[in-house]
Amino acid sequence: VTAFAATSPSTDSAAANNAIVASVSGDLTKDQIEVNGEQSFSDSEVLEAAKELGIDTSNLTVYFNGDIHLVSREEFDGTVTVTFNVPGLTKDSTAYVLHNHDGAWKDVTSSKGNGTIAGTYNGFSPTAILVDESTLSKDAAATSGKSPKTGEGPFTAMMLGVIAVAAAGMVISRRKFA
């Protein structure tokens, strides 16, 4: 089982929310939930649960496996849809949002497309997003927010220019004093 690291949540809940959660609608707002990477179940347990739900897991990877908790309320009695960022995901991609509630896994996927997948919940806790990477858009790398490789971009050109000017200045000043 492989997991991609594109959106690995940090222990900072605000950073984790911004990395993985695109939006929240329904009875809560985005700032009322906390997402973290604390796994209650291993990736292999999540994939096994998906199989038990009748999902073909042969090409799926675990994109996210962690917990969603309420921050501003102790009890939640309503419905909320959480939309997660998954770069390259289209409406035709194979992907699922699974949620473990009261000891049972359920497929809570409600929509997918345009780089996101949504799950509709009536309670929170362990959540997993499973994705078939081969069904992601070929433009995923362009929209994934990946950092450019070292040496790319205008910063490198600017730094080379600064170094060239500094070297030229050193040569000129040495000739004046020689």
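Every read-out reported here was derived from the displayed coordinates using simple, explicitly stated rules and does not represent laboratory data. On a predicted model such as this, the values are computed, not experimentally measured, just so you know. Here the Cβ is made from the backbone with ideal geometry for all residues, glycine too, and neighbour counts use every protein chain on show.
A cut-off of 5 Å between modelled amide H atoms, ignoring neighbours fewer than 5 places along the same chain, links His101 with Lys106. The local environment of Ile68, defined by Cβ-Cβ distances under 11 Å, has a net charge of -3 under the rule Lys, Arg +1 and Asp, Glu -1. Highest mean packing comes first when the peptides 95-101, 83-89 are listed by Cβ atoms within 10 Å, giving 83-89, 95-101. Taking amide hydrogens as placed 1.01 Å from N in the peptide plane, the amide H of Tyr63 sits under 5 Å from those of Ile129, Leu130, Val131, each at least 5 positions away in sequence or on another chain. Highest-first packing order for the peptide set 52-61, 112-121, 25-34 is 112-121, 25-34, 52-61, based on the mean count of other beta carbon atoms within 10 Å. Rounded to the nearest Hz, the phi-derived 3J(HN,Hα) couplings of the range 117-134 under the Karplus curve 6.51 cos²θ - 1.76 cosθ + 1.60 (θ = phi - 60°) are 9, 10, x, 9, 10, 10, x, 10, 1, x, 9, 9, 10, 10, 9, 8, 4, 5, where x marks glycine and proline. Other residues whose C-beta falls under 11 angstrom from the C-beta of Thr83 contribute a net charge of +2, scoring Lys and Arg +1 and Asp and Glu -1.
Around Ile117, with a cut-off of 14 angstrom between Cβ atoms, what is the net charge of the other residues, counting Lys and Arg +1 and Asp and Glu -1? Don't jump to the answer; show the numbers that get you there.
On the way: positive: Lys91, Lys112; negative: Asp92, Asp107, Asp132, Glu133.
My count for the surroundings of Ile117 gives -2.
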